[in-house]
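Please read the structure below before turning to the comments.
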Amino acid sequence: MIPAAFDYRRAKTIDEALALIGETAEEARFLAGGHSLIPLMKLRFSQPDRLVDIMHVPGLAGIWERNGQVGIGATTRYVELERSRILQDVLPVVAEAAGEIGDPQVRHRGTIGGSLAHADPAADLPAVMVALDAFLDIVGPQGRRRVQAEDFFQGFFTVDLAEGELITEMRMLPRRTAAYAKLHQKASHFALVGVAAALEIEAGNGADGVCRGARVAVTGLSTHAQRLRGVEASLIGERLEEEVIRAAAERAPEGIEEVNDDLHGSAEYRREMAKVFAARAIRRAAARA
Amino acid sequence: MAADATPSPGGKHVGQRLKRREDPALIRGQGTFIDDVRLPGMLHLAFKRSDVAHGRIVRVDTSAARAMPGVRLVATGADLQGVLPSVPVITPFPYPDHPAVTPDKVRYVGEPVALVVAEDRYQAQDAVEAIEVTIEDLPAVVDAETALRGEPALLHEGFANNVALRIISGTGVTEAAGTQDPEAVDNRELDAAFETAEVVISQRMVNPRIAPSAIETRGVVAQYEATRPYLTIWSTTQRPHAHRRFLAAALGLGEHQARTIAPEMGGGFGAKKIYGEDFVAAALSKQLGAPIKWIEDRSEAFLTTTHARDVIGQIELAAKRDGTVTALKARLVADIGAYEMLLTAFIPTLTHGLLSGGYAIPVIRSELIEVFTNKMPTDAYRGAGMPEAIFFVERSMELLARELGMDPAEVRRKNFIRPEQFPYKTAAGNEYDSGEYERLLDATLELAGWEEMRAEQAAARAAGRLVGLGMSFYIELCAIGPSTMFPDGGWEHGSVTVERDGRITATTGASAHGQGHETSFAQVLADQFGIEPETITLLHGDTAVAKQGVGTVASRSLVVGGTALLMAGSKVKAKMTRFAAQLLEAREEEIEFANGEVGVAGGGKLSFEEVASYAYAPQQLPAGTEPGLSEEAFWEPPGMTFPYGCYIAQVEVDRETGEVALQRFVGVDDCGTIVNPLIVEGQIHGGIAQGIGPALTEELRYDEHGQLLTGSFMDYAIPRASDLPRFELGVTVTPSPLNPLGAKGTGEAGTIGATPAVVNAVVDALSELGVRHVDPALHPEKVWRLIRGGER
């Protein structure tokens, strides 16, 4: 667990970060907390020649509400998500999911941008971002662009991020009726299966209202965070009674290919747990109506 | 019967909850651990380790590594043949050669095949990465029961069917240590017991392989001074004196030319004794004329710090319908890994000795087979053979209770060794010193509110919840000794020096690594001399400071080491008494030590310091007395101590996921006299956590090729504080008659007792689904499959 030699540079601005990444022909990586990258480097699975630390770039961390949207800076640490009053009020699902990541040490160092860019198949926040239909603001040598979270996650540790590009911010609409439920892998505390459900429930009727919109996403089940479209379809237009939730959750494995299968959970178990945790997330989200 | 309110008899300080004096430095980061040892000119050692479980080394190409910056030496196992002695083993039985760096064959993933010494740790690792090893694969032996048929391969020449040792012990075997000759066994009593049994319980049970997981990994710094010649070696060892002995011999030195220092250690748990890496560091320091440091990383720790348990037991219990157990028979298959380390072969033999548990079982027989496989060798880990025994016995008692429809507490009560039977020699051969088991059981039931728990469980079950209660009654074997019982010496050493200013410097050979000796031993001496513990310093962990020692192992430090210190203290006290009697013109019998004074009750008194000072400059020596106040003692116990306790666990199983939530954990422990209740509670808490881990989540898993799948804390789950309920604990105190302190030891108690309590609780929770037994670790998916099977 001794990494190979690398060059460490600390950027003070986004432009400087992009320049530091761009100027080297060797492999360079942004460092945004390092709770995935550093362990990989210590195992020598990853051997970048240069790390560009963006944790000290002003304005890249923080949580704000603006123009009816919530913005989260890329270098915002999990603990800040967990404790944010804004998120607890208008997007409790983000605070809830952040609070279930890893352990206190991880939550004090790891960042949302780092997690999304790394895209571990069992990371918690990708599912939450997909369920919330978040946008990622990305900056790179070719300028700025936006991408929907759902399109951003493409496969096993594979995201829509070109060489030299950097996530700066996540933006999403407030949604109180969203929740995250997770089966912990007991060693790593990654998600064996985690499901985020974001519901639009007809106003005024509490949990008895009709579900007008549903986005449900899973992590841990397959190569990357994905929507559970069958579940969503079974919720929309329905009152979220227990039978409805159960029947919808039964559809969780629909359309999911390449189901993970390892010593912590077989594919069969994970499929079943996707149902269980889909139901739990939906119930919890509905209860927030 | 309630638990004892006063945990301990004793003087002013014994029995007090003194905070550990070790802690302020440790929690401020001021301790000196092995990696803090930095010497001028020190070089760094790193190992190239096999990534193949079983194979023949065809070629080790070190040319690229040799050319890398900072590299001082690259060596293969072949280069080191004849330079290094083999890794030491203490056993009366045959064992295979175990080179510190293998020259020809690899037998487990992680086995050293080459090494690099470089100017810094990074350069050393870079060069290790550049070494190319070509290995011709052999089939990996990963399953002990298959290995026993000699399949798919043999690990060592001379060990047919991969059997390291086969030993039969107990009823019908004349030799106390067991026999290897099945023909020499008299089966009549055993057969009769099973033929006449009204009930027979038979169950195969597995204790999974686990990792000791100390928070600090291993490490060594070796400094060889050629001109003296003298070896100073810092090592994460629980046994500095044994370490010095083997290391000195390895370098062709006498013990007078070597010094082992065990600095602060982040846990040992039995796994940190003597390893090949230490030999390598010492030999290379001699060869290169520079200090050599090696620090194990966590990946190496999972692969190459000794593992533990991995024992399969086929357990049979014969009983009457009233619950009386008449015989226990066990066939034990221990997967000991690829080689033997210091006590590898010895540890599974300890299981037999506790197969009586806390019960008067008249007939006990075991057959133990130790098997080589292509895995890391096993050795001691908190409990060392005892958790296996108690797991087998306590699961069997639970199965018997279920079979007979009896309350699990009552089945145990029915079979307890009664107080008047002590000292009690079990059919497994050990002589238990003292105990009041029924009193402790009742204290536990009262503390738990057993009847209420059972009622609440019934209500929860009626509501469809899978709530389970599990009990275990454990026995721990402590204070291993005398020397006839412990292959490496059953004594401990202590010295007490009353300094000229009346302060005390004491030394113990029981080298602590987190157990709080500096606090508890000071309490013992403070009461002996009637002074304050703050005026006493205990030194340990350095062979140049503590003259001799066995170390801190087998829950024996306070009992054996504490008593040795007390014995040394008695000699000093006797001498001080002579000086005081002379100064006060009193008779020696009148002299008392109390409140920092030495003198006659109701008469003349001197301060402790005055007497001490006088002893170093006596104006008139008492007859037959030398000046000075410094004495030492070796003490060997007449027999072993057997603390015990009862644990009750309450769990709820999530029907949907198979997750087990541990809701309550109640226990009463009896470790004899308690010197420091805070330290005992700490030991019990840590022990319980390390017993719960293997019940629920801890399990080292190898694949069919001998690759370790759980080689990091991302895959190997030790319990976190948040996984554990608040432990509800009490004590009873039944002093041991075998030592003047009345202490019994407690270091391994929690680990031994907790695993069966939790597993019993989970099985109980699942019993309505028809589940009779399940082997740990109880991973959610494993439990979920049982639930699915049961519901179908």
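All of the numbers you see were taken from the coordinates with simple rules; none came from a lab. Note that the structure is a prediction, hence the values are computed from the model and not measured. So basically every Cβ, Gly included, is an ideal-geometry build from the backbone, and we count neighbours across all protein chains shown.
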Find the percent of Cα-Cα distances in region B:651-792 that exceed 25 Å, and round it to a whole number.
39 percent
Bin width 10 Å, origin at 0, all Cα-Cα pairs of the protein assembly as shown: what percent of pairs per bin?
2, 10, 17, 20, 20, 16, 10, 4, 1, 0, 0
Sorted by Cβ density within 10 Å, fewest first, the residues A:8, B:644, B:616, B:432
A:8, B:616, B:432, B:644
Surrounding charge for residue B:357, neighbours by C-beta under 10 angstrom, Lys/Arg +1, Asp/Glu -1, total 0
So how much slack lies between residue B:86 and residue B:586, counting 0.36 nm per residue of separation and subtracting their Cα-Cα distance, in nm?
173.9 nm
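Please express the shape of region A:7-53 as an equivalent ellipsoid: the semi-axes are the square roots of 5 times the eigenvalues of the C-alpha gyration tensor, given largest first in whole angstrom. Display every interim value, and only then the final one.
Numbers: eigenvalues 73, 30, 8 Å².
Here the semi-axes work out to 19, 12, 6 Å.
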Please identify which residues in region A:269-289 have an amide N closer than 11 Å to a label point set 7 Å out from the Cα of residue A:203, following the Cα→Cβ vector.
none
If contacts are Cα pairs under 8 angstrom and at least 6 residues apart, what is the relative contact order of region A:7-53 in percent?
54 percent
In debye, nearest 20, what is the charge dipole magnitude of chain A about its Cα centre with +1 on Lys and Arg Cβ and -1 on Asp and Glu Cβ, if you could check?
680 debye
Once phi for every residue in region B:594-600 is put through the Karplus expression 6.51 cos²θ - 1.76 cosθ + 1.60 (θ = phi - 60°), the whole-Hz ³J(HN,Hα) values, with Gly and Pro written as x, are 7, 6, x, 10, 10, x, 9
In nm, give the distance between the simple-model label positions of residue A:19 and residue B:163, each being 7 Å from the Cα along the Cα-to-Cβ direction.
7.6 nm
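Using the Cβ atoms and a cut-off under 15 Å, what net charge is assigned to the surroundings of residue A:78, where Lys and Arg are +1 and Asp and Glu are -1?
Working: positive: A:77, A:83, A:107, A:109, A:182; negative: A:80, A:82, A:96, A:100, A:103, A:120, A:124.
Net local charge, residue A:78 excluded: -2.
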Using amide H atoms built 1.01 Å from N in the peptide plane, name the residues 5+ places from residue B:258, or on other chains, whose amide H lies under 5 Å from its own.
B:231
For chain A, what are Rg and Dmax over the alpha carbons, in angstrom?
18.8, 60
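Can you put B:302, B:473, B:422, B:391 in order, fewest other beta carbons within 10 Å first? Don't skip to the end; give the middle numbers.
Values: B:302 23, B:473 28, B:422 17, B:391 32.
With the fewest neighbours first, B:302, B:473, B:422, B:391 line up as B:422, B:302, B:473, B:391.
Write down Rg/Rh for region A:163-289, rounded to two decimals, with Rg from the C-alpha atoms and Rh from the Kirkwood relation over Cα pairs. Show your work: numbers first, answer last.
On the way: Rg = 15.1 Å, Rh = 14.9 Å.
A ratio of 1.01.
Return the calculated 222 nm mean residue ellipticity for chain B, to the nearest 500 deg cm²/dmol, obtained by summing -39500 (n - 2.57) across DSSP H runs with n ≥ 4 and dividing by the residue count. If you can, show how the numbers build up before the last one.
Working: 20 runs with 220 residues, N = 792.
Helices in chain B give a 222 nm mean residue ellipticity of -8500 deg cm²/dmol.
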Relative contact order of chain B: what whole-number percent is it, with Cα pairs under 8 angstrom and at least 6 residues apart?
16 percent
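What ranking do B:209, A:144 get, fewest neighbouring Cβ atoms within 10 angstrom at the top? Walk me through the numbers on the way to the answer.
On the way: B:209 25, A:144 10.
Ranking B:209, A:144 by Cβ neighbours within 10 Å, fewest first, gives A:144, B:209.
At 25 °C and 0.890 mPa s, grab the translational diffusion coefficient of chain B from Stokes-Einstein with a Kirkwood Rh over Cα pairs, rounded to a whole number in µm² per second. Each step should come with its number before you reach the end.
Values: Rh = 27.7 Å.
Answer, rounded: 89 µm²/s.
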What nm distance separates the two modelled labels at residue A:1 and residue B:196, each placed 7 Å from Cα along Cα→Cβ?
5.9 nm
Multiply the residue gap between residue B:420 and residue B:256 by 0.36 nm, knock off their C-alpha separation, and tell me the result in nm, one decimal place.
54.1 nm
Charge dipole (region B:645-740, unit charges on Cβ, about Cα centre) - positive-most of B:706, B:658, B:738:
B:738
Taking amide hydrogens as modeled 1.01 Å from N in the peptide plane, which residues meet the under 5 Å criterion relative to residue A:10, leaving out close sequence neighbours?
A:53
Starting from the 7 Å offset along Cα-to-Cβ, what nm value, one decimal, do you get for the label separation of residue B:500 and residue B:180?
5.9 nm
